[in-house]
Amino acid sequence: MANKANKPQLLVNGKRLDGRAFNELRPLKIEAAVLKNADGSAYLEWGNNKILAAVYGPIEAMPKHVADPAKAIIKCRYSMAPFSSVGEHSRSGPNRRAIEISKVTKEAFENVVMLNDFPGSEIDIFIEVLQSDGGTRAAGITAAAVALANAGIHMKDLIYAVSAGKIDGNIVLDFNMIEDNYSDSDMPMAISPRNNDVLLLQMDGHFTREELKKAMGMVIEAGKTITKLQKDALNEVYKKAEVKYEEGA
Amino acid sequence: MRDILIPGDMVASEPLRMENTYVENGKTFAKVLGMYEREKKTLVPLEGVWIPKIGDIVVGIITGTKNTVYEVDLNFFGRSILIGSKYERQSYKNGDVVEAIVKDVEDRKTVILSGPKILYGGTVLNIKPIKVPRVIGKNNTMIGQIADLTGCNMIVGKNGTVWLKGEGVGVATEAIRQIEAEAHISGLTERIKRMLEEKCGPRRPRTQETEGAEEKFE
């Protein structure tokens, strides 16, 4: 968190710095199946965030003692490229923040991936942040969900994540870096759109009960757009498959 | 009518018994990215790993031996073992390529093989297991065509391991790679046929062996 004393004005004439409305997402672009050597992959551009997600598996769990004979295990690695941001924030390697994000991402996916279908195996998720501009954990989860579907892993749902927060008493969706650093509170959420289950909720700062309700409503509303883009990205890859599935079993 | 379904898409508003789906609150949802055929009521996955089923023909490599129990590498997430008979003269050593049938699957991850047959010589190729039906083709058309035109013996395991032997191995490998890459594009059999004829000339007479290799998949 940056120093609150030199907080810049985040709302000018009731508008955000980048001119967005309070409930407006940054431009989002998703592409699936971008990496040849991974079983599943996705590339995502969300505002100035650029994120690459790759999935391997299910493969034999290594080392053997971590394998669970009844279900699959998920391993997740979130990492920021050394050139992804400025200063200490983009220090690459397994730092406290990267380990925390890896853990919450893993736990979000453990709720939707059908782990019992692949006993004794391991599913690897790699999230690589190439350029960061706030809300990378949410963007990482959104990209990893597409990569998991692209890898053909059994899942209950295609999840998405987005952040909401509070600036000067207004509830605002999808923070960018500067809003993230100086806002009053910030809440990334991961949601399963099928039944709106909350899979990740982290909160910096405070919300009243009504504010939280409003923020969740905004997240779920924005989720419809994100889910559609995720599905479009996957459909794009297999659009040709629909034309031809005649020969072969 | 075919649709691409994405995990979480509703297949039907009543509970159905269908592969690659799950039922929740009396409704059926897709659990894998796949092609849904309304008439046949099937969801065919577009990506994924091999999930062993009893009766699958597989090709594997022996990686460990312990008396008459052999460990076989089938290139999937579980492990597979081959239990040899005490009375059997045949023994296997590390590195042998075997063709076998899945006799049993324990805990959905341990595969018990039976009916092994050593495949001498040749080369082994790994492909995406999901593309195996396309490499075999409807009524073995594709595999028969490759075997005919290249004069190469081939056995395609359900686990995605292909064994090839014969003079036309190079061309056959190329054909298989092309099938893998273009599996979803229309007119595949024709294109592969044209490509093979260009490289190997016209149809060759069938040998006894190629016919045998083909019949296994009927």
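Among B:Gly151, B:Gly121, which is the only one that is touching a Gly at 6+ places or on another chain (Cβ under 6 Å), surrounded by fewer than 22 Cβ atoms within 10 Å (Cβ to Cβ) and touching a residue at least 24 places away in the same chain (Cβ under 8 Å)? Walk me through how you get there before you give the answer.
Numbers: B:Gly121 fails: touching a Gly at 6+ places or on another chain (Cβ under 6 Å).
Selected residue: B:Gly151, the only one of B:Gly151, B:Gly121 that is touching a Gly at 6+ places or on another chain (Cβ under 6 Å), surrounded by fewer than 22 Cβ atoms within 10 Å (Cβ to Cβ) and touching a residue at least 24 places away in the same chain (Cβ under 8 Å).
Looking only at the range B:107-118, decide whether some residue is buried (at least 20 other Cβ atoms within 10 Å of the Cβ), within 19 Å of the chain's Cα centre (by Cα) and either away from every other protein chain (no Cβ under 14 Å) or closer than 28 Å to A:Asp232 by Cα (or both). Working first, answer last.
As a first pass, look at the range B:107-118 and keep what is buried (at least 20 other Cβ atoms within 10 Å of the Cβ): B:109, B:111, B:113, B:116.
So of that shortlist, the ones also within 19 Å of the chain's Cα centre (by Cα) come out as B:109, B:111, B:113, B:116.
Next cut, either away from every other protein chain (no Cβ under 14 Å) or closer than 28 Å to A:Asp232 by Cα (or both) only: B:113, B:116.
Within the range B:107-118 (the criterion being buried (at least 20 other Cβ atoms within 10 Å of the Cβ), within 19 Å of the chain's Cα centre (by Cα) and either away from every other protein chain (no Cβ under 14 Å) or closer than 28 Å to A:Asp232 by Cα (or both)), the answer is yes, since at least one residue qualifies.
So, in the range A:192-229, of the ones that are of a type in the set (Val, Ile, Thr) and surrounded by 12 or more Cβ atoms within 10 Å (Cβ to Cβ), which residue ends up nearest to the other protein chains (Cβ to nearest Cβ)? Spell out how you get there, then give the answer.
Looking only at the range A:192-229, we keep the residues that are of a type in the set (Val, Ile, Thr), and these are A:198, A:208, A:219-220, A:225-227.
Within this subset, residues satisfying the condition of being surrounded by 12 or more Cβ atoms within 10 Å (Cβ to Cβ) are A:198, A:219-220, A:225-227.
On the way: A:Val198: 16, A:Val219: 17, A:Ile220: 15, A:Thr225: 16, A:Ile226: 13, A:Thr227: 9 Å.
Among those that are of a type in the set (Val, Ile, Thr) and surrounded by 12 or more Cβ atoms within 10 Å (Cβ to Cβ), it is A:Thr227.
Scan the range B:18-37 and give yes if some residue there is in a loop (DSSP other than H, G, I, E, B), surrounded by 15 or more Cβ atoms within 10 Å (Cβ to Cβ), out of contact with any Lys or Arg (no Cβ under 7 Å at 6 or more places or on another chain) and not assigned by TED's automatic domain parsing to the domain that holds B:Leu164, otherwise no.
Just the residues of the range B:18-37 that are in a loop (DSSP other than H, G, I, E, B), to begin with: B:18-20, B:25-26, B:31-33.
Okay, now just the ones that are also surrounded by 15 or more Cβ atoms within 10 Å (Cβ to Cβ), so B:18, B:20, B:31-33.
Restricting the remaining residues to those that are out of contact with any Lys or Arg (no Cβ under 7 Å at 6 or more places or on another chain) gives B:32-33.
Adding the requirement that they be not assigned by TED's automatic domain parsing to the domain that holds B:Leu164 leaves B:32-33.
Yes, because at least one residue in the range B:18-37 is in a loop (DSSP other than H, G, I, E, B), surrounded by 15 or more Cβ atoms within 10 Å (Cβ to Cβ), out of contact with any Lys or Arg (no Cβ under 7 Å at 6 or more places or on another chain) and not assigned by TED's automatic domain parsing to the domain that holds B:Leu164.
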Among (1) surrounded by 15 or more Cβ atoms within 10 Å (Cβ to Cβ); (2) under 20 Å from the mean Cα position of the chain (by Cα); (3) not basic (Lys, Arg) - the single one A:Ala72 does not satisfy: (2)
Report the residue count in the range B:38-50 for those that are under 16 Å from B:Ile127 (Cβ atoms) and not in a strand (DSSP E or B). 5
Taking the range B:54-76 and the residues there that are in contact with a strand residue (DSSP E or B) (Cβ under 9 Å, 6 or more places away or on another chain) and not in a strand (DSSP E or B), the one that is modelled with the lowest pLDDT would be B:Thr68
Suppose we keep only residues that are farther than 12 Å from A:Gly40 by Cβ and either in contact with a Gly (Cβ under 6 Å, 6 or more places away or on another chain) or charged (D, E, K, R) (or both) within the range A:142-157. Which one would you say is nearest to the other protein chains (Cβ to nearest Cβ)? A:Asp157
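Applying the selection to the range A:47-60, what residues are surrounded by 23 or more Cβ atoms within 10 Å (Cβ to Cβ) and more than 17 Å from A:Ser79 (Cα to Cα)?
Listed by number, the residues that qualify are A:Gly57, A:Pro58.
Identify all residues within the range B:151-176 that are under 17 Å from B:Val59 (Cβ atoms) and either assigned to a helix (DSSP H, G or I) or aromatic (Phe, Trp, Tyr) (or both); write none if there are none. Quick ask: steps written out before the conclusion?
Here is the first cut: in the range B:151-176, the residues under 17 Å from B:Val59 (Cβ atoms) are B:152-166, B:169, B:172-173, B:176.
Listed by number, the residues that qualify are B:Trp163, B:Val169, B:Ala172, B:Thr173, B:Ile176.
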Only one of (1) among the polar types (S, T, N, Q); (2) closer than 21 Å to B:Gly34 by Cα; (3) within 9 Å of another protein chain (Cβ to nearest Cβ) does not apply to B:Thr189, and that is (2)
Restricting attention to the range A:91-141, report how many residues are part of a helix (DSSP H, G or I), within 26 Å of A:Asp232 (Cβ to Cβ) and within 14 Å of chain B (Cβ to nearest Cβ). 1
Kindly indicate whether any position in the range A:195-218 is among the acidic types (Asp, Glu), modelled with pLDDT under 95 and not in a helix (DSSP H, G or I). yes
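The values are calculated or read from the model by the stated rules, or taken from the named source; none is laboratory data. These figures come from a predicted structure and were not determined experimentally. Note that each Cβ is placed from the backbone with ideal geometry, even for glycine, and that neighbours are counted across all protein chains shown.
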